[in-house]
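Down below is the structure, laid out as structure tokens.
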Amino acid sequence: MRRGRYAPGAAASAQLSSSRAHRLQPTLWFKIALLSNCLAGQLAFGAFSLLPRGTLRTRDRCGVILRAEHSPEGLWSARPEDREMTSAEMQLRFERNGFCHVPSFLTVPEASSLAQELAHVQSLEICEMAALQHELRQHVAPALARSCRTTQDCKEMLQKYEKSGKVKFLQYFNLHRHSALLRRAALSPRLALWAARLLGVSQVRLYQDALFMKYPRHGPTRWHSDLALAPFDTNAFVTVWLALTPVPAKGGAGLRFAQGSHRDYTLQYHSDLAESYTQDDLSSRYLIAEGTDLEPGDATWHHGWTLHAASPLDRSARSPRVAWAISFVASDARILPEESLSIVQEAEDSVSFRPWIGKLRPGGRAEHAMLPLLPVEA
Ligand SMILES: O=C(O)CCC(=O)C(=O)O
Ligand SMILES: [Fe+2]
């Protein structure tokens with residue numbers, strides 16, 4: 001069974017053409033947001049005054065926002081080009097390949113305000129602690145994770161293990177639960193349109209978001225499929241991975257995809273690969289689509305069963321690769337039956353669904369306020 005992020009790469013990424021004419025200096029905002037984040041924590045985000053009108057400030061502390069709200073028009077609305085791009089041809093290509101690449105999924109201002117908000121929320125102590133403790137729990141020991149009391153302590157503990165290559169990124173789960181702006185983005189009509197069309201369903205729910213910060217000292221993201229870590233009994237699950245820093249094709253740590261692996265029914269039955277969580281080379285079984293150059297605001301989408309991975313960053317990289325990944329599930333999905341559920345509850349993403357899974361019945365509908373419905377396309 002495919003459980004846990006494990007480890008394999010040339011091919012037909014379903015590339016969409018789109019103009020890059022308005023991409024002037026897109027990285028500047030990201031550099032400012034991330035650099036100021038490193039240097040001065042929350043104070044640095046006085047840069048909020050740079051946000052375009054109509055965007056929301058997040059709370060100062062990491063308070064959980066429980067109120068369900070749909071995005072008003074304007075924040076990541078579905079543009080005419082989104083409707084054009086999600087054509088039947090595109091849907092067919094996604095269905096065949098299990099992934100696609102969408103340049104300029106976000107405009108430069110959208111991407112820059114998103115990056116600033118993420119940099120702010122991720123630097124809040126409660127969010128940073130959660131991410132550090134999650135990595136310690138995964139790669140070191142649960143007791144050690146519980147014993148570190150400050151972010152500084154946790155960072156020092158983690159540093160020892162980063163040398164082993166086992167730490168592949170810092171992962172900040174569900175920041176949308178701590179920021180009105182992120183929540184509006186994650187529930188936006190644009191994401192709703194793409195997710196539902198790529199899956200061929202009428203409506204989707206937001207399952208989780210995760211900010212992935214991969215530093216040059218981190219190891220590879222091993223081959224895995226996301227649905228193996230999620231508590232749903234469905235095939236209709238999709239993730240959008242939004243680049244927020246430039247991701248050069250070589251050494252920039254974009255995702256690689258095993259083409260068609262989401263429909264590889266025989267993998268579980270006839271292949272040793274299904275058991276091998278350290279397998280780095282899947283090229284005997286799949287065409288591997290290597291990453292292409294990505295700019296902030298570009299996206300890749302992958303199906304919940306598509307095997308994907310990422311190499312370590314080029315050692316000479318000076319700053320982390322930052323990506324925000326948001327996952328959606330069909331609105332009528334069910335929770336796994338008990339035995340399968342107990343397996344994913346032991347897996348590494350269980351921290352993401354722990355707040356609500358106990359309130360739902362194994363085998364029952366996945367309906368909960370923390371799995372909000374996205375708007376249906378008008
Ligand atoms: O960014 C990475 O290295 C991993 C991301 C990932 O696995 C995902 O978005 O599903
Ligand atoms: Fe993944």
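When you go through (1) β-branched (Val, Ile, Thr); (2) within 24 Å of residue 295 (Cα to Cα); (3) in contact with a Leu (Cβ under 9 Å, 6 or more places away or on another chain) one by one for residue 204, which number turns out not to apply?
Among (1) β-branched (Val, Ile, Thr); (2) within 24 Å of residue 295 (Cα to Cα); (3) in contact with a Leu (Cβ under 9 Å, 6 or more places away or on another chain), residue 204 violates only (2).
Name the strands (runs of 3 or more DSSP E) wholly inside the stretch 148-231 in which the number of residues that are more than 16 Å from ligand 1 (Cβ to nearest atom) is 1 or more.
Details: elements: 170-173, 204-214, 221-224.
Fully inside the stretch 148-231 and qualifying: 204-214.
What number of residues in the stretch 186-206 are within 18 Å of residue 350 (Cα to Cα) and touching an Asp or Glu at 6+ places or on another chain (Cβ under 9 Å)?
Quick first cut of the stretch 186-206, residues within 18 Å of residue 350 (Cα to Cα) only: 205-206.
From the residues that got through so far, the ones that are touching an Asp or Glu at 6+ places or on another chain (Cβ under 9 Å) too are 205.
So the count comes out to 1.
So, residue 264, is that one under 20 Å from the mean Cα position of the chain (by Cα) and more than 15 Å from ligand 1 (Cβ to nearest atom) or not? Break it down into steps so the answer makes sense when it comes.
Numbers: under 20 Å from the mean Cα position of the chain (by Cα): no; more than 15 Å from ligand 1 (Cβ to nearest atom): yes.
No: the conditions fail for residue 264.
Okay, residues lined up against (1) closer than 19 Å to residue 213 by Cα; (2) more than 11 Å from ligand 1 (Cβ to nearest atom); (3) not in a loop (DSSP other than H, G, I, E, B); (4) not basic (Lys, Arg):
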residue: 285; (1), (2), (3), (4): no, yes, no, no
residue: 291; (1), (2), (3), (4): yes, no, no, yes
residue: 300; (1), (2), (3), (4): yes, no, yes, yes
residue: 305; (1), (2), (3), (4): no, yes, no, yes
residue: 309; (1), (2), (3), (4): yes, no, yes, yes
residue: 314; (1), (2), (3), (4): yes, yes, no, yes
residue: 324; (1), (2), (3), (4): yes, no, yes, yes
residue: 342; (1), (2), (3), (4): no, yes, yes, yes
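Within the stretch 297-310, is there a residue that is away from ligand 2 (no atom under 16 Å from the Cβ), modelled with pLDDT of 95 or more, under 24 Å from residue 206 (Cα atoms) and surrounded by fewer than 18 Cβ atoms within 10 Å (Cβ to Cβ)? Talk me through it step by step, then tell me what you get.
Initially, the stretch 297-310 is screened for residues away from ligand 2 (no atom under 16 Å from the Cβ), giving 297-298.
Now drop any that are not modelled with pLDDT of 95 or more, which leaves 297-298.
If we keep only those that are under 24 Å from residue 206 (Cα atoms) as well, we get 297-298.
Checking which are surrounded by fewer than 18 Cβ atoms within 10 Å (Cβ to Cβ) leaves us with none.
No, the stretch 297-310 has no match at all.
Could you list all residues from the stretch 217-248 that are among the β-branched types (Val, Ile, Thr) and more than 15 Å from ligand 2 (Cβ to nearest atom)?
If we filter the stretch 217-248 for residues that are among the β-branched types (Val, Ile, Thr), which is where we start, we get 221, 234, 238-240, 245, 247.
234, 245, 247 - these are the residues of the stretch 217-248 that are among the β-branched types (Val, Ile, Thr) and more than 15 Å from ligand 2 (Cβ to nearest atom).
When only residues in the stretch 92-111 that are farther than 18 Å from residue 172 by Cβ and in contact with a Pro (Cβ under 7 Å, 6 or more places away or on another chain) count, which is surrounded by the most Cβ atoms within 10 Å (Cβ to Cβ)? Give the steps one after another, and end with the answer.
Narrowing the stretch 92-111 to residues farther than 18 Å from residue 172 by Cβ: 92-110.
Then keep just the ones that are in contact with a Pro (Cβ under 7 Å, 6 or more places away or on another chain); that gives 108-109.
Values: 108: 20, 109: 16.
Taking the candidates together, the pick is 108.
The values are calculated or read from the model by the stated rules, or taken from the named source; none is laboratory data. Quick caveat: nothing in here was measured; it's all calculated off a predicted structure. FYI the Cβ positions are ideal-geometry reconstructions off the backbone, even for glycines, and counts take in every protein chain you see.
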